[in-house]
2 protein chains.
Amino acid sequence: MGYRIALDAMGGDHGPGEIVPAAIHALKKHRDLELLLVGLEDIIKPRLAHLNHELAVRIQVLHAPEVVTMDEAPSSALRNKKNSSMRFAIEQVKKGQAQACVSAGNTGALMAISRYILKMLPGIDRPAICTIIPGINSHTHILDLGANVDSSPEQLFQFAVMGAELTGAVENIRAPKVALLNVGTEENKGNDRVKKAKILLDRSHINFIGFVEGNHIYSGDADVIVCDGFVGNIALKASEGVVEFFLHHVTDGFQQNLYSKLAALVSKPILESIHRKTDPRRHNGASLLGLRGIVIKSHGSADRLSFAHAIEEAMLEVEKNIPARITSRLEVLLTSTLSR
Amino acid sequence: MGYRIALDAMGGDHGPGEIVPAAIHALKKHRDLELLLVGLEDIIKPRLAHLNHELAVRIQVLHAPEVVTMDEAPSSALRNKKNSSMRFAIEQVKKGQAQACVSAGNTGALMAISRYILKMLPGIDRPAICTIIPGINSHTHILDLGANVDSSPEQLFQFAVMGAELTGAVENIRAPKVALLNVGTEENKGNDRVKKAKILLDRSHINFIGFVEGNHIYSGDADVIVCDGFVGNIALKASEGVVEFFLHHVTDGFQQNLYSKLAALVSKPILESIHRKTDPRRHNGASLLGLRGIVIKSHGSADRLSFAHAIEEAMLEVEKNIPARITSRLEVLLTSTLSR
């Protein structure tokens, strides 16, 4: 099968400067891929002038005169930027001109516009952001990462269904282990919402392994970890903060004196190999789950390599037909609940 | 002035094996310190037999026949362990036999028993757990770390008052910078509780600097960061998870082959110096704020050095008279609010 993906070429901190090279990188790697670059024609087209015929026929530019800025309020982007690259890219999915779209732009705006244009899947209240976290034993899919605050137990249950379907499909796991993020693993721990969500999950056919604590995000023991977006966003940003803090001290430590600079030189290949293994860019590309269409959010600071990975994430979700899988799983769950 | 601190000698993963040496270490370091070791006499006393007279006169043993276990439900510890070392240690504070108590035991039980025995300060609904987090520019006090779930805006405000008083006193800062943890820094971000707490803080005399995100916990830009215990606990445990994940890869990376083992040898002093700077043991000793008395919670896995630091944290709070400061600040705030 062939893939046709729309890219919001203007989004993110770098815009076309990194997104166009990312597109070319992905086209070279995947001969069955076609890309639709959406954005300011005058900026994008010159960057494609040098392409050979084989690549040029698989890339198309769709002019969009407006750009959603990174700090724009989602409601304002939705109301006032009807000709933005972000909106045009999402509309390509709606119209069937693309099977998925990828944007490194303003997350809130991407959520709001996607929801408005594509609509939600039946049985899902709100979209959730899901990403892969590398772990000690294996990696984990976690959701929601900030799309929702104050999720109800029912919404947490919906996140669990969506996360399990995505993870099962892309990782080829028959019954992914799903856990709920909490302040302790005992039954009596936590707030009302996680306690009630636990009851819903205990009763379902999901392979629910119970509560896990914050440190388990990085152990890889669960395939899917479910949480409210307020908690998930803060946990992930706190993790980024710790990494920055350590890198600061490592850089500092190795720059103290001549001996430490020598040690840095000797250790460089090892430190680089550690960095490669733990590099978050390898996992760039979060899914906006629950929509009637595939939308992938790239990190705003993504470089070409990283953005190319987000394109591959979109291809994988197209191949696995994630929205349809979520819908059919929800139908099964609803039927089995009603028939009890 | 002299200090008199009660220690729950049976709490934590190691009990008297680390707590008695920690006590002796602290006594040697501080000649104005007296300690009351509370727990099973038969286990504690033999460990003190070798002490010289100068130290022996400053350490006393109070027999308590029961021990609260680490996995015991707080309600059960409160109801069924009326002769526990933890309870006796807290009662010494109530009776004025000690100015503060320190325990490495079960956090939930310590909270419940402290609250029952000591009672809350006027104007404070519930105790909050506050600790220091090392950061890039400076360190930050953060609360609550798991004592409360679903805190109301008023409770978040109380945490801010308590955190600001503690930090101002122990760090000698006149107007500590207080921030609220949120999923974004813009006004419209977050759940209702943080938005309402922001209004209360904006109106108050607290030096409130607004919302901060998860990564700011480790930047040191705020002196105090306030959050609900559910969020704070998960953010901190997630941070621990990241550190474990990195240490795993660092250890692994330096063990790959002969070259990397050699590099590890060369880098050892630098890595050790980094570890010292970022060592959480230097910051052991969380405060249970809001009680009519000083209670310090040591990490359950604390070794002697680390537990000794928790004793010093207790001494500092005694010197600064934290509960009285919180009370007088709340009186000022209430008066100024009422007079508007």
Note to self: Kirkwood Rh of segment B:83-196, Cα pairs, one decimal, Å, is 16.1 Å
For A:Glu34, residues with placed amide H under 5 Å, excluding near neighbours: A:Tyr3, A:Arg4, A:Ile5
Take segment A:153-273, compute every pairwise Cα distance, and split them into 10 Å bins from 0; I just need the percent in each bin. 12, 34, 22, 15, 13, 4, 0
Run a plain Debye calculation on the protein assembly as shown (Cα atoms as equal point scatterers, no solvent) and give log10 I(q)/I(0) at q = 0.09, 0.12 Å⁻¹, rounded to two decimals, same order as the q list. -0.85, -1.31
Which one, B:Ala264, A:Val93, A:Leu265, is farthest towards the positive end of the dipole of the protein assembly as shown when Lys and Arg carry +1 and Asp and Glu -1 on their Cβ? A:Val93
For the pair A:Ala324 and B:Asp202, what calculated FRET efficiency results from E = 1/(1 + (r/R0)^6), where r is the Cβ-Cβ distance and R0 = 51 Å, to the nearest 0.05? 0.60
Averaged across A:261-272, how many Cβ atoms of other chains sit within 10 Å of each residue's Cβ atom? 5
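Which number do you get for Rg(Cα) / (2.2 N^0.38 Å) in segment B:221-340?
So the Cα radius of gyration is 1.53 times the expected 2.2 N^0.38 Å.
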In Hz, Karplus ³J(HN,Hα) per residue of segment A:254-266 (6.51, -1.76, 1.60; θ = phi - 60°; x = Gly, Pro): 7, 10, 4, 8, 4, 4, 5, 5, 5, 4, 4, 4, 5
For segment B:3-46, what does the convex hull of the Cα positions come to per residue, in cubic angstrom? 65 Å³
About the Cα centre of segment A:10-82, what is the dipole size in debye to 20, counting +1 per Lys and Arg Cβ and -1 per Asp and Glu Cβ, all else neutral? 200 debye
Nearest 20 debye, what's the magnitude of the dipole of chain A about its Cα centre given +1 on Lys and Arg Cβ and -1 on Asp and Glu Cβ? 640 debye
Could you report the protein assembly as shown's accessible area per residue, 1.4 Å probe, as an integer in Å²? 42 Å²
What helix-only [θ] at 222 nm does chain B give? Using -39500 (n - 2.57) per DSSP H run of at least 4, over all residues, to the nearest 500, the answer is -15000 deg cm²/dmol
One finds, for A:Gln97 and A:Thr185 with R0 = 45 angstrom and r their Cβ-Cβ distance, a FRET efficiency to the nearest 0.05 of 0.40
Charged-residue dipole, Cβ positions (Lys, Arg, Asp, Glu), segment A:59-163 about Cα centre, Debye nearest 20: 440 debye
Principal axis lengths of segment A:1-160 from Cα atoms, whole Å, largest first? 53, 44, 28
Summarise the partner chain shielding of A:244-251 as one whole number: the mean count of Cβ atoms from other chains within 10 Å of each residue's Cβ. 6
Show the residues, 5+ positions off or on another chain, whose built amide H is closer than 5 Å to the amide H of B:Leu291. B:Leu121
When chain A is treated as a GNM, springs tying every alpha-carbon pair under 10 Å, which of A:Leu289, A:Leu55, A:Leu201 comes out with the largest mean-square fluctuation? A:Leu55
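Semi-axes of the equivalent ellipsoid for segment A:255-314, please: Cα gyration tensor eigenvalues, times 5, square-rooted, ordered largest first, whole Å. Mind dumping the intermediate values first?
Details: eigenvalues 276, 19, 14 Å².
Semi-axis lengths for segment A:255-314 are 37, 10, 8 Å.
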If you take all C-alpha pairs in segment A:173-241, what percent of them are over 15 Å apart? 52 percent
If eta is 1.306 mPa s and T is 10 °C, what Stokes-Einstein diffusion coefficient results for chain B, Kirkwood Rh from Cα pairs, in µm²/s? 75 µm²/s
If amide H atoms are modeled at 1.01 Å from N in the peptide plane, then the residues at a separation of 5 or more from B:Leu62, or on another chain, having amide H under 5 Å from its own are B:Leu37, B:Val38, B:Gly39
How big is the gap, in Å, between the Cα center of segment A:1-80 and the Cα center of segment B:232-274? 39 Å
What does the buried accessible surface come to for B and A, summed over both chains, with the probe at 1.4 Å? Round to 100 Å². 4700 Å²
Karplus 3J(HN,Hα) series, Hz, for segment B:96-103 with 6.51 cos²θ - 1.76 cosθ + 1.60 (x for Gly, Pro): x, 7, 9, 8, 6, 10, 10, 9
Roughly what would the spin-label model give for B:Leu258 and A:Val57, points 7 Å off Cα along C-beta, in nm? 5.5 nm
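The values are calculated or read from the model by the stated rules, or taken from the named source; none is laboratory data. Fair warning: this is a prediction, and the values are worked out from it, not measured in the lab. Reconstructed Cβ throughout: ideal geometry from the backbone, glycine too, with neighbour counts over all protein chains shown. These accessible areas exclude ligands, DNA and RNA; they are computed on the full protein's heavy atoms, side chains included. Shrake-Rupley method; radii C 1.70, N 1.55, O 1.52, S 1.80 Å.
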